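One structure is given here, and the rest of the page talks about it.
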Amino acid sequence: MALSGSTPAPCWEEDECLDYYGMLSLHRMFEVVGGQLTECELELLAFLLDEAPGAAGGLARARSGLELLLELERRGQCDESNLRLLGQLLRVLARHDLLPHLARKRRRPVSPERYSY
C-alpha cells in the first residue's frame, strides 16, 4: 500500500551509486588487479593457494587473474569486507603498486591551482 502525497525515493543502480561516491565494485576491482598480473604471478598465486592448509585445490586451472580472483571469492576467501588475503598475496609477489586498488576508492585528480573558499 503506497502512502499518498509522498514521492518515492529515487532508485539508483549499484554502478551509478558507486560511481557517485567514487568507488569501485568488487568485481571491477578484480578486473583491474587481475588484469595486471603476469602469467608467472598467476602460477605462483595458484600454487600458494593450493598448498595452503585447508585449501580445496583447483586454482592451477585459472587462465586469467580475474578467474583466479573470482574463484577466491567463490571459495569465501575474499569478499567485500575481507580483502586481507589478497593484500597479503600481493605483498608476497612484491606488487605494492596494486595495493591501492584494494581500498576500492578511486583516486581523485589533484589540481595544482589553489582554491579559495
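Computed from the coordinates by the stated procedures, all read-outs in this text should not be read as laboratory data. All of these numbers come straight from a predicted model, not from anything done at the bench. Cβ atoms come from the backbone with ideal geometry, glycine included; neighbour counts cover every protein chain shown.
Residue ranges 63-70, 90-97 sort as 63-70, 90-97 when ordered by packing (mean number of other C-beta atoms within 10 Å per residue, highest first). Across segment 16-103, the mean sequence separation of Cα contacts (distance under 8 Å, 6 or more residues apart), normalised by length, yields a relative contact order of 28 percent.
Where q = 0.12, 0.25 Å⁻¹, what log10 of I(q)/I(0) comes from the Debye formula for segment 16-103, counting one point per Cα? So the normalised log intensities are -0.34, -1.44. For GLU51 and GLU73, the FRET efficiency from 1/(1 + (r/R0)^6), where r spans their Cβ atoms and R0 equals 30 Å, is about 0.90.
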